[in-house]
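Some notes on the structure that comes next.
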Amino acid sequence: MKNLKINKFTGLPASFDDFSLFSSEEKIKNIIIKQVKRKKFITILQEVVSDENAVLLKKKLGCNGFRDEGRLCLQGDHKVKIRNVLRELNLADENLIIKHASK
């Protein structure tokens, strides 16, 4: 027990420095791709995403977005890249579902 190193900032043992295990938000489970106009799509993240994570998502995907009824809507069809970006940010649930919605 004497060899246990303590992190000065957190007061926790150094082995607990992996903060990805302590996520304060829900993982994203459902993503809907919806066509809003002729060839225009939006990607809707059903679960609540913090403002910081929303900014990171928009920056990594190279798109704009907005909030609608507590959901994050990203402009464009991002079904190819969104899974990898969410995993990179540790926001994706293991059983992430991406589906297309009709108008």
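Ordering of 91-98, 62-69 by packing is 91-98, 62-69, highest average first (other Cβ atoms within 10 Å, averaged per residue). Taking a point 7 Å from the Cα of Asp68 along the Cα-to-Cβ direction, the residues of region 84-103 with backbone N closer than 14 Å to it are 101-103.
Only the coordinates and a few stated rules stand behind these numbers; no lab work does. Keep in mind the model is a prediction, meaning the values are calculated, not measured. Positions of Cβ are generated from backbone atoms using ideal geometry, with glycine treated the same way; all protein chains shown enter the neighbour counts.
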